[in-house]
Amino acid sequence: MDTYPPQAAAEAVDKMLSKAGKTRSELARELGLSRQQITRTINSTALLNERAAHWLAILDALGLEVVIQPKKPAE
């Protein structure tokens, strides 16, 4: 499984989009958003609200991390 540091989130999303054969525009259409909204969200340097940032700090202090990975197929 590929792993990415938090600052590489945009690259990770773009890599997964590419693996899925999708563009940001196609993703935007699927989600009912504009391509600009998708791009702003993916490229945002302010990725998290204050509460989420606090959660990440708590997890980090406990030696834990958030992992994003593909969903397992339904059985």
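The values are calculated or read from the model by the stated rules, or taken from the named source; none is laboratory data. These numbers come from a predicted model, not from an experiment. No Cβ is skipped: glycine too gets one built from the backbone with ideal geometry, and neighbour counts run over all protein chains shown.
Tabulated results
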{"read-out": "Residue within the stretch 50-62 that is assigned to a helix (DSSP H, G or I), surrounded by fewer than 10 Cβ atoms within 10 Å (Cβ to Cβ) and either of a type in the set (G, A, S) or modelled with pLDDT of 90 or more (or both) present", "value": "yes"}
{"read-out": "Neighbours by Cβ (under 7 Å, 6+ apart or cross-chain): first from the stretch 1-27, outside any loop (DSSP other than H, G, I, E, B) and of a type in the set (D, E); second surrounded by 11 or more Cβ atoms within 10 Å (Cβ to Cβ) and modelled with pLDDT under 85", "value": "E11/Y4"}
{"read-out": "Output for the stretch 30-44, where each listed residue is surrounded by 12 or more Cβ atoms within 10 Å (Cβ to Cβ) and not polar (S, T, N, Q)", "value": "L33, R35, I38, I42"}
